[in-house]
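Here the structure is laid out as structure tokens; the discussion comes afterwards.
Derivation of every value follows stated rules applied to the coordinates shown; laboratory data play no part. Because the structure is predicted, anything quoted here is derived from the model rather than measured. For neighbour counting, all protein chains shown are included, and Cβ atoms are generated from backbone atoms with ideal geometry for every residue, glycine included.
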């Protein structure tokens, strides 16, 4: 666990990966780091009147951006078995999937690079295992033992189920 209270994954199983998980950044804006085509939604804190100071990034966004920055700069063959660098569309897809399923109180997932250039998001608990693999046409969602491939029309339902499970 880091001093920010964020649980960091043990990436020893990812051969050749040596970067520290969730490093600190001096970046002033999370979205400027990865230059998204669509903005990540910000949330308004509940107040009786609008106050610009009450607009904030979700708490999970900064550590996720920092982790994705580590992954996006991995070179070709980062695992010494011919792995590809992370593809930008998979990084952006990971951010947008998280914006769909996460709430302020949701646990931050383990974020793992895939050798194919994809990104995998993982939550493992006592009663539930959730994995979202973002890898172009090979993307899939795994909830416990069920795998839902990308493009079969059940992703909105699966993402709603993930959001429900991640809610405190």
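What the table shows:
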read-out	value
Highest to lowest packing among 59-66, 127-134, scored as the average C-beta count within 10 Å	59-66, 127-134
Sequence ranges 67-79, 140-152, 109-121, ranked by mean other-Cβ count within 10 angstrom, highest first	109-121, 67-79, 140-152
Span from the segment 107-129 Cα centroid across to the segment 140-160 one, whole angstrom	14 Å
